[in-house]
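Written below as structure tokens is the structure these notes are about.
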Amino acid sequence: NGHPDLLPISRILFDLSPKQQEVLQVQIENPNLSFDQQAQLLGVSRRMLEKRHKQIAERFGVSSFTSAVTIAVKQ
């Protein structure tokens, strides 16, 4: 379907807000950072990062942020 040189891109990533995309990107690019280190890197509180993790999981239709990251990496 479509042009043979075009790669399919998951629409689910486009459903994330820019802040949610940033959270996902930090997790994928820096998997060894602790939760608190990720929050600090993003300039948000621990509570806000937890909220964004939950929102991302909901957008991906899964029960955990880890599952959402796994899906995003595969896509």
* Structure fact -> Residues other than GLN55 with Cβ under 12 Å of its Cβ, Lys/Arg counted +1 and Asp/Glu -1, net out at +2
* Asked: Does region 23-75 classify as rounded, prolate or oblate by the C-alpha gyration tensor (a ≥ b ≥ c root eigenvalues; a/c under 1.5 gives rounded; else a/b over b/c gives prolate, otherwise oblate)?
  -> oblate
* To do: Note down the net charge around VAL44, summing +1 for each Lys or Arg and -1 for each Asp or Glu among other residues with Cβ under 14 Å from its Cβ.
  => +3
* Per-pair calculated FRET efficiency, R0 = 25 Å: SER45 and SER67 via Cβ, rounded to 0.05 -> 0.60
* **Point-to-point label distance, PHE35-GLU22, nm (Cα→Cβ direction, 7 Å offset)** => 2.1 nm
* Taking amide hydrogens as modeled 1.01 Å from N in the peptide plane, which residues meet the under 5 Å criterion relative to LEU16, leaving out close sequence neighbours? -> none
* Structure fact -> Karplus-derived 3J(HN,Hα) from phi for region 69-75 (6.51 cos²θ - 1.76 cosθ + 1.60, θ = phi - 60°), whole Hz, x at Gly and Pro, runs 4, 4, 5, 4, 5, 5, 7
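Each value in this text was obtained by applying a stated rule to the coordinates, not by laboratory testing. Only a predicted model underlies this, so the values are computations on that prediction, with no experimental measurement involved. Counting neighbours? That spans all protein chains shown, and the Cβs are built from the backbone with ideal geometry, glycine included.
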